Amino acid sequence: MIRYALACEAGHEFESWFPSGDSYDAQAARGLVTCPHCDSPKVTKRIMAPALSRREAAPVPAPAAPQAAPEPVRLMSEPERQLRAMLKSLHEHVARTSDHVGPRFAEEARRMHYGEIESRSIYGEASLDDARALLEEGIAVQPLPPLPDDRN
């Protein structure tokens, strides 16, 4: 769209909008552009300054003060850290004070329970079925919770 300042032969000044400069020329040639005051079709363009929007210059931001490095994002809450530390401590205690018998755990536990060998603290691996069978025989066993890091 374009806005033109116009004047008729009687000196009346007015403005009007047109889709383009060619559109104004075509309408004026056909007598369709008339003065709103006296209805005269003898209308001419006036000198007009283009409309410019007034933009205020954007303020230049002040240099930012140096900031401390951001703190790293914690992947674990403090209670979870404490729980992991306790599990690790438990594993270390068992390893320090017990004999590791590996996959022979169920066999060794039975031999101690029935007095075939001297009783001592042991740890190792047993299937779920072996652990159930030991409990049904009255042999006290307790699973050692895995360390969370061992599953990753």
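The values are calculated or read from the model by the stated rules, or taken from the named source; none is laboratory data. This is a predicted model, so every value here is computed, not measured. Here the Cβ is made from the backbone with ideal geometry for all residues, glycine too, and neighbour counts use every protein chain on show.
Observations, loosely collected:
- Residue pairs meeting the criteria (Cβ under 7 Å; at least 6 apart or on separate chains; first within 15 Å of M1 (Cβ to Cβ), in segment 12-40; second among the basic types (K, R)): E15/R3; W17/R3
- Among residues that are among the hydroxyl-bearing types (S, T, Y), modelled with pLDDT under 90 and either on the phi > 0 side of the Ramachandran plot or surrounded by fewer than 12 Cβ atoms within 10 Å (Cβ to Cβ) (or both), S20 is included.
- Total residues in segment 28-60, condition polar (S, T, N, Q) and modelled with pLDDT under 90: 1
- Pick from segment 41-50, criterion assigned to a loop (DSSP other than H, G, I, E, B) and basic (K, R), ranking: nearest to L6 (Cα to Cα): R46
- Listed by first and then second residue, the pairs linking a residue in segment 119-142 that is surrounded by 11 or more Cβ atoms within 10 Å (Cβ to Cβ) to a residue that is among the basic types (K, R) and in a helix (DSSP H, G or I), with Cβ atoms under 8 Å apart and 6 or more places separating them unless they lie on different chains, are L134/R110; E137/R110; I139/R110.
- Residues located in segment 108-152, provided they are touching a strand residue (DSSP E or B) at 6+ places or on another chain (Cβ under 6 Å) and in a helix (DSSP H, G or I): E108
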